[in-house]
Structures are given as C-alpha cells and as structure tokens.
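In what follows, a single structure is set out as structure tokens and then discussed.
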Amino acid sequence: EVLLEINDLHAGIEGQKILNGVNLKVNAGEIHAIMGRNGSGKSTLSKVIAGHPLYSITSGEIIFKGQSLEKLDPEEIASMGIFLGFQYPVEIPGVSNSEFLRAATNSRRKYLGKEELDSFDFDEIVKESINLIQMKDSFLERNVNEGFSGGEKKRNEILQMSLLEPLISILDETDSGLDIDSLRIVSQAINALSKKDTATILITHYQRLLNEIEPTFVHIMDAGKIVKTGNKNLAIELEKGGYDLLKKKDI
Ligand code: ADP
Ligand code: MG
Ligand code: MG
C-alpha cells in the first residue's frame, strides 16, 4: 500500500527556491533513509511534508493516502498520522511534558475516532511508552524539553512518536548528538515502532544508525532533489567516499 507519494515537488521559503523536483514514493512497511550534504534540503522536505506554514509549494504534489496535503495545516497533517520529529526540539516553558503529550495524543485519537484520554488513563498508556525509551517517570512532570539533555530531547521525540501511533514518522537527525547507549535505545524503539502498516523516513548523516535500523532504501539529496537511490550499501559507499560519489557518471 502506497502511503506517501511526492511528485516533482518544488517548494521554498520567502521566494527562495529550495526543493527542485523531489520524487519519492513510500509504501507501508518501508524504511527510507535520506542522506545528503548540509543545505541540500532534507529538513526543508520534511517541513514541507508536515505543512510548516512558512514554506510554500510552487509546483508538484504531496499525496498521503490518496489525499493532497497542500491545503492542510500542520495540525491536520499530524492528526492524519504524519509525525515529524524535530531536528532542534523546542522548549515550551510552563507546559509539563505530560500535558503536552496528552494534548497531542488526544488530537490524534480524535481523528481516529477514539475517545479522549483523561490524565489518569493517559498515565497508564504512557507507562508502556516510557519503558520503551527507558526514561524515568519524573521526566513527564518536567516542562517540555526545558533543561533536557540532547539525548533526553531525542528520546522524548520517540516517546511522542510512540504515543501518537503515526502511519509515517519522519525523524530528522534523531541520531545526532546521541551517545552510544541513547543511540541504541532510540534505534531499538524505532524498530519496535515500525509495523507492516507504517513507514519511517530517517534523515541522517551517519551510516552507524543504519547498522541498527535496516533501511529499505537509501536516498541521497543534492541541491533540492533526490539524485541517487540505493540500498544500505549506498550509505556504506558514502561513508567511505564522501559526497564526491555524486560526481561519478553512473548516478
Ligand atoms: P539540510 O537539512 O539538508 O541541511 P535545509 O533544508 O535545512 O538543508 O536547507 C536547505 C537550504 O535552504 C539551505 O541553503 C538553507 O540555507 C536554506 N534555508 C533553509 N531554511 C531557510 C529559511 N528559513 N530561510 C532562508 N533559507 C533557508
Ligand atoms: Mg537539516
Ligand atoms: Mg501548507
């Protein structure tokens, strides 16, 4: 089943073109890794999919489960089951992590026609998820991302992903800045959350993540489009030869 189909997508911000014809098809059950130099447009692609209000689509289309996402706002897109983990997770002063996660979970549940969770029910559900990322319960009572270490922010992202049960998760450099133990916990959680009817898009600079999470496809972005697609060997080649690989004729 095709979950996401991106056709010749051109998009940018404030009149500046960033994406120059992205094509990508993601089926249920697949894991897609997207690699590429800094500034090649990886984060822009994820933000455009998620409906970030500052970015605009100039041509092409993004189809999720047969429906165009172009006119939808980020909240609608999220509740439909597209999850975007942030490259730089923001702090939200004055809002506890558990209140924040419960609100996000309830908006997804509402879309799915499930009843809203009160704080008591939510506590029960969150316990399972929190075990998955091996965090302490006290983590829930702190303000969102305030004073969280880099690794805790990334684990919190995975906690949120686990609660929302998305169909597609886009994780933007979830592995950057993680120590070895956190990397393993985060990878195991991502693997545990990958199901036959879901898909994951992993944006990463490092092949090491792909030792833990087996990608179905590896794509390389350059200058706003996907210029090469392969399997996990492509990531290994890239690690060895760097992006000079793109200069080779056979791409
Ligand atoms: P990547 O995630 O691959 O490193 P980005 O999508 O963040 O790349 O950026 C792609 C290009 O778009 C870069 O040249 C960057 O400078 C530009 N860009 C990104 N965000 C903005 C913005 N808010 N305003 C102007 N240019 C931007
Ligand atoms: Mg980026
Ligand atoms: Mg939009």
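Using the Kirkwood radius over Cα pairs, work out the Stokes-Einstein diffusion coefficient for the chain at 20 °C and 1.002 mPa s, in µm²/s as a whole number.
Numbers: Rh = 18.7 Å.
Roughly 115 µm²/s, to the nearest whole number.
Before anything else, pin down the relative contact order of the chain: Cα pairs under 8 Å, at least 6 apart, normalised by residue count, whole percent.
Worked out over the chain, it gives 27 percent.
Only bridges with both residues in the chain count here: give the DSSP antiparallel percent, nearest 5.
Counting DSSP beta bridges with both partners in the chain, the antiparallel share is about 60 percent.
Taking the 0 to 90 degree range and rounding to the nearest ten, how far is the long axis of helix 232-241 tilted relative to the main principal axis of the chain, both from C-alpha atoms?
The helix 232-241 is inclined about 70 degrees to the chain.
Please report, in debye to the nearest 20, how large the charge dipole of the stretch 5-69 is about its Cα centre when each Lys and Arg carries +1 at its beta carbon and each Asp and Glu carries -1 there.
Numbers: 6 positive and 5 negative charges, 36 e Å.
Computed charge dipole of the stretch 5-69: roughly 180 debye.
For the stretch 37-185, what is the relative contact order in percent, using Cα pairs closer than 8 Å and at least 6 residues apart in sequence?
The normalised contact order for the stretch 37-185 reaches 30 percent.
Can you tell me the 0 to 90 degree angle between the C-alpha axis of helix 97-111 and the longest principal axis of the chain, rounded to 10?
Taking Cα atoms only, the helix is inclined about 70 degrees.
Taking the Cα centre of the chain as origin and charging only Cβ (+1 Lys, Arg; -1 Asp, Glu), how large is the dipole, in debye to the nearest 20? Before the final figure, lay out the partial values.
Values: 29 positive and 38 negative charges, 190 e Å.
Using Cβ point charges on Lys, Arg, Asp and Glu, the chain gives about 920 debye.
Starting from the amide H of L3, placed 1.01 Å from N in the peptide plane, find each other amide H under 5 Å away whose residue is 5 or more places distant or on another chain.
Those qualifying (amide H under 5 Å, at least 5 residues apart or on another chain) are V26, N27, A28.
Mind pulling the angle between the C-alpha long axis of helix 150-164 and the longest principal axis of the chain? Nearest 10 degrees, somewhere in 0 to 90.
80 degrees
From the helices alone, meaning DSSP H stretches of at least four residues, give me the mean residue ellipticity at 222 nm for the chain, per-run term -39500 (n - 2.57), in deg cm²/dmol to the nearest 500.
Values: 8 runs with 89 residues, N = 251.
Mean residue ellipticity at 222 nm (helix-derived): -11000 deg cm²/dmol.
Since every read-out is calculated from the coordinates, none of them should be taken as a lab result. All values reported here derive from a predicted model rather than from experimental measurement. Counting neighbours? That spans all protein chains shown, and the Cβs are built from the backbone with ideal geometry, glycine included.
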